[in-house]
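The values are calculated or read from the model by the stated rules, or taken from the named source; none is laboratory data. Since the structure is predicted, the reported quantities are computational estimates derived from the model, not experimental observations. Quick reminder, even Gly has a Cβ in these numbers, built from the backbone with ideal geometry, and neighbours come from all protein chains shown.
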Amino acid sequence: MSLEVFAEDVWTVTRPQRFLGVECGTRMTVVRLASGDLFVHSPVPLDDALAAELQALGEVRVILAPSLFHHLSVPQWAAAYPKALLTCCPGLVRKRPDVHFHRALGDAPEPEWQHDLEQVHFSARTMESEIVLFHGKSRTLICADAIFNFSTHASRLTRVVARLLGNTTPGVTWLEPLMMRDKPKARAQLDRMLAWDPVRLAIAHGEPVRSEGKRVLAEAYAWIR
């Protein structure tokens, strides 16, 4: 079984993935909207078994490549679900001219999911230009690179690298202060996420956070306060 229940109307799929030779894994999140349609965040490689599981849940209507680093499987999904709305973070249209994205997203949710999901363009993280989502029904914040959690990873090498990067608890690394120079912008965007009062954090890399999500998020970015 590929899909794992994460919260009410929220599922995740975890797959292995290496970055610069280090196993960091990746995770896709699927939300069933009130309409019954499926919103796919950060798609992972698609196979027949996963496609069958998705079909049992609903129809894939929206596919989101949420950051400049989360787009590798998008062409496969676009081919498999030609009727789905293909969306991305700002800047990815330029990076992936081979993919026909229908929309680049911003700070406000689109009409197709405005009653189910909130969103923020976490543009202060300039390297990723990430779209962060919030599913209010389950109080789940959904992100790709905004939060890492490698300290308990099964790979010893990954845990060592995480410690070297300062990722000893669910949060960020020492790289973020170097990337995020505009602290007022970062603070404003973070405050919007904290105002959602998330309980869970569905993240792409490392073990997800299943409780006290707001506290974890606030502590991860305490350095911008």
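What's the number of the condition Gln55 fails, among (1) within 18 Å of the chain's Cα centre (by Cα); (2) at pLDDT 95 or above; (3) not hydrophobic (A, V, I, L, M, F, W, C)?
(1)
Within the range 180-201, can you find the residues that are in a loop (DSSP other than H, G, I, E, B) and touching a Gly at 6+ places or on another chain (Cβ under 9 Å)?
First, pick out the residues of the range 180-201 that are in a loop (DSSP other than H, G, I, E, B): 180-182, 196-199.
Passing the criteria: Trp196, Asp197, Pro198, Val199.
Yes or no, residue by residue, for (1) surrounded by 22 or more Cβ atoms within 10 Å (Cβ to Cβ); (2) modelled with pLDDT under 95; (3) not charged (D, E, K, R):
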| site | (1), (2), (3) |
| --- | --- |
| Tyr81 | no, no, yes |
| Pro90 | no, no, yes |
| Leu141 | yes, no, yes |
| Arg156 | no, yes, no |
| Leu164 | no, yes, yes |
| Met179 | no, yes, yes |
| Val199 | no, no, yes |
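From the list Thr26, Thr87, exactly one residue is in contact with a Ser or Thr (Cβ under 8 Å, 6 or more places away or on another chain) and either hydrophobic (A, V, I, L, M, F, W, C) or under 25 Å from Arg139 (Cα atoms) (or both). Which is it?
Thr26
Mind listing just one residue for me: the one in the range 125-139 that is part of a loop (DSSP other than H, G, I, E, B) and within 20 Å of His71 (Cβ to Cβ) and, of those, modelled with the highest pLDDT? Outline the logic, then answer.
Just the residues of the range 125-139 that are part of a loop (DSSP other than H, G, I, E, B), to begin with: 125-129, 136-139.
Remaining after also requiring within 20 Å of His71 (Cβ to Cβ): 125-129.
On the way: Arg125: 92, Thr126: 92, Met127: 89, Glu128: 93, Ser129: 96.
The qualifying residue modelled with the highest pLDDT is Ser129.
Return the total of residues in the range 208-225 being surrounded by fewer than 16 Cβ atoms within 10 Å (Cβ to Cβ) and under 16 Å from the mean Cα position of the chain (by Cα).
1
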